[in-house]
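Reading through the structure tokens given below for one structure.
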Amino acid sequence: MVPEHYKTSNDFDVIDVAKSYGLNFNRGNIIKYVCRAGKKADELKDLLKAKDYIQREIDHIISIK
């Protein structure tokens with residue numbers, strides 16, 4: 001059963017979009033948390049999680065340069 005905060009009227013879900021774009025774990029989670037923000041009780045919590053994954057991805061990119 002799909003949780004309400006992941007349901008849409010589309011024929012695809014966030015995981016399908018992430019796979020389609022070849023997103024890594026961090027970037028996929030950014031999309032996931034932004035898409036579900038506002039669908040749960042604490043919108044800010046999901047946006048802060050997205051921010052955390054953005055920072056993780058930035059840190060990773062910096063570390064490999």
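Below is a table of values for the structure above.
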quantity: Pairs where the first residue, in the stretch 8-26, is of a type in the set (Gly, Ala, Ser) and the second is part of a loop (DSSP other than H, G, I, E, B) and open to solvent by less than 70 Å² (accessible area, probe 1.4 Å), C-beta under 9 Å, 6+ apart; calculated: 18/24
quantity: Pairs where the first residue, in the stretch 41-57, is under 23 Å from residue 4 (Cα atoms) and the second is open to solvent by 70 Å² or more (accessible area, probe 1.4 Å), C-beta under 8 Å, 6+ apart; calculated: 46/34; 46/40; 47/34; 50/34; 53/27
quantity: Condition met for residue 43 (acidic (Asp, Glu) and open to solvent by 80 Å² or more (accessible area, probe 1.4 Å)); calculated: yes
quantity: Every residue from the stretch 6-37 that is open to solvent by 50 Å² or more (accessible area, probe 1.4 Å) and not in a helix (DSSP H, G or I); calculated: 7, 8, 9, 10, 11, 12, 13, 21, 22, 23, 24
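The values are calculated or read from the model by the stated rules, or taken from the named source; none is laboratory data. Predicted model, so just to flag it, every value in this text is computed and none were measured. Note that we place each Cβ from the backbone using ideal geometry, even for glycine, and neighbour counts take in every protein chain shown. Note: areas computed on protein heavy atoms with side chains; ligands, DNA, RNA excluded. Shrake-Rupley method; radii C 1.70, N 1.55, O 1.52, S 1.80 Å.
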